[in-house]
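Following: one structure in structure tokens, then a few remarks.
The values are calculated or read from the model by the stated rules, or taken from the named source; none is laboratory data. Given the structure is predicted, the values throughout are model-derived calculations rather than measurements. Calculation scope for accessible area: heavy atoms of the full protein, side chains included, ligands and nucleic acids excluded. Shrake-Rupley method; radii C 1.70, N 1.55, O 1.52, S 1.80 Å.
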Amino acid sequence: MGERFSALMMRKFSVLMTEFIAGVLLVIMPILVDAQIQQQTQQQPQQQTSTKNPLPSQPTIAVKPVAPVPWKKIAEAERKVLAPLEKDWAQLPSHQQRKLIGTAKSYPKQVPIQQERFQERIKEWASLTPEQRRAARDKYKNLSSLPPQKQYELRERWNEKSEKAQQPLATTPAPSDAGTTVK
């Protein structure tokens, strides 16, 4: 009975960890996309001036600039969901703001556990320093560039470490006070 319960708990923990990582990636992905777009737009003028051939060697992505969304223009319900990001809202790229607003609009349709996870993740991300955010983006970029098999191996190692952390530290029961007398 205890082994079945333990196995069930391990599976649930594994699912929760996978969902947590996916949630963090949902927050990080728009930031990474923005960084790639900025990098591409910075490289385009350099490529055009540095080569004699006016045609770029690779197709370019036309990026239509989108105006940022002021915090006050967001609906009250979405502001409540996105409250942890209020102080950083003006610094977020406009496409990320719009993505977050879309997520906040679908928030009421989520089940309570999803809402709780979203709130935890958004608070965690909001509490990170710019350096920590940059490190998280770099780590994600490095991990996503790995082949799928390597990603799977790393995920399995992560799950094994998580399982070991959940195991009880001592398998022997705690000493009882049966042999001691109180006078």
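Glu19 contributes an accessible area of around 70 Å² to the protein surface, as traced by a 1.4 Å probe with all chains present. Residue pairs exceeding 20 angstrom between C-alpha atoms, taken from Lys73/Lys109; Lys72/Lys109; Lys72/Lys105; Lys87/Lys123; Lys80/Lys123: Lys73/Lys109; Lys72/Lys109.
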